[in-house]
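The values are calculated or read from the model by the stated rules, or taken from the named source; none is laboratory data. As the structure is a prediction and not an experimental result, all values here were calculated from the model. Glycine gets a Cβ as well: all are built from the backbone with ideal geometry, and neighbour counts include every protein chain shown.
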Amino acid sequence: MARVLLLLTTFGVLAAWAGAQGGPPPLDPADRAKLFKTDRALLDQLVNHSLDLSKADNPLRQAQECQAAARTLAVYLRRAAADERDAARVAEMAGLLTDLVRDGLAPNLRVARQTFPDTSPQGEQVKQLGETALKDLEAWAAIPEGTVADDGKVKAAFAALAELKAKLK
């Protein structure tokens with residue numbers, strides 16, 4: 001009984017302490033407006049890619065739409081590295097790109113390879129898409145030069161992106 005009371009008391013104290021820590025301070029309106037302006041075009045493009053993906057009627061079209069979305073993210077990733085030099089944003093974009101390739105492009109490409117025979121016109125498109133996706137991934141997985149290249153989170157995010165080559169083959 002004493003152990004249970006001690007455990008509950010300890011838990012209550014730790015919970016109260018954690019709750020008192022608070023979260024990060026909210027962004028001021030100027031910073032929020034800047035972030036929205038920066039991300040608005042990206043969000044518009046990703047929503048359009050998502051709509052196109054939802055309309056895709058076979059695994060080949062789905063893989064093509066995933067690749068188009070990945071290319072869009074890659075453009076904004078490079079922009080965040082070259083223009084903004086924001087390591088946190090670069091790591092976040094690389095993580096999103098990794099998720100998209102791992103959970104969208106690779107599985108759809110695998111299903112498309114299983115669905116269409118190599119000798120069919122769609123099979124040729126699948127083969128070409130796979131080769132293009134590998135080349136794109138090699139380019140995307142190269143850490144951009146500059147101040148963000150030394151950040152640990154950026155290195156880890158790009159390492160995860162580079163590991164996806166095996167899933168695309």
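Could you please let me know if residue 152 is without any contact (Cβ under 8 Å) to a residue 24 or more places away in the chain and either farther than 15 Å from residue 97 by Cβ or touching a Leu at 6+ places or on another chain (Cβ under 8 Å) (or both)? If you could, list the steps in order and put the result at the bottom.
Values: without any contact (Cβ under 8 Å) to a residue 24 or more places away in the chain: yes; either farther than 15 Å from residue 97 by Cβ or touching a Leu at 6+ places or on another chain (Cβ under 8 Å) (or both): yes.
Spelling it out, residue 152 is indeed without any contact (Cβ under 8 Å) to a residue 24 or more places away in the chain and either farther than 15 Å from residue 97 by Cβ or touching a Leu at 6+ places or on another chain (Cβ under 8 Å) (or both).
Considering every residue within region 106-114, establish whether at least one is in contact with a Pro (Cβ under 9 Å, 6 or more places away or on another chain), more than 22 Å from residue 50 (Cβ to Cβ), assigned to a helix (DSSP H, G or I) and not hydroxyl-bearing (Ser, Thr, Tyr).
yes
When the residues of region 77-129 are narrowed to those that are of a type in the set (Val, Ile, Thr) and over 13 Å from the mean Cα position of the chain (by Cα), which ends up surrounded by the fewest Cβ atoms within 10 Å (Cβ to Cβ)?
Ranking the qualifying residues of region 77-129, first place goes to 119.
Determine which single condition residue 59 fails, assuming it passes every other condition in (1) at pLDDT 90 or above; (2) out of contact with any Asp or Glu (no Cβ under 9 Å at 6 or more places or on another chain); (3) within 26 Å of residue 158 (Cα to Cα).
Unmet for residue 59, out of (1) at pLDDT 90 or above; (2) out of contact with any Asp or Glu (no Cβ under 9 Å at 6 or more places or on another chain); (3) within 26 Å of residue 158 (Cα to Cα): (3).
Quick one: is residue 144 touching a residue at least 40 places away in the same chain (Cβ under 8 Å) and not in a helix (DSSP H, G or I)?
So residue 144 fits the description; yes.
For residue 147, which of the numbered conditions (1) farther than 23 Å from residue 35 by Cα; (2) among the polar types (S, T, N, Q); (3) modelled with pLDDT under 90 fails to hold?
(1)
Does residue 53 meet the test of being part of a helix (DSSP H, G or I) and over 15 Å from the mean Cα position of the chain (by Cα)?
Yes.
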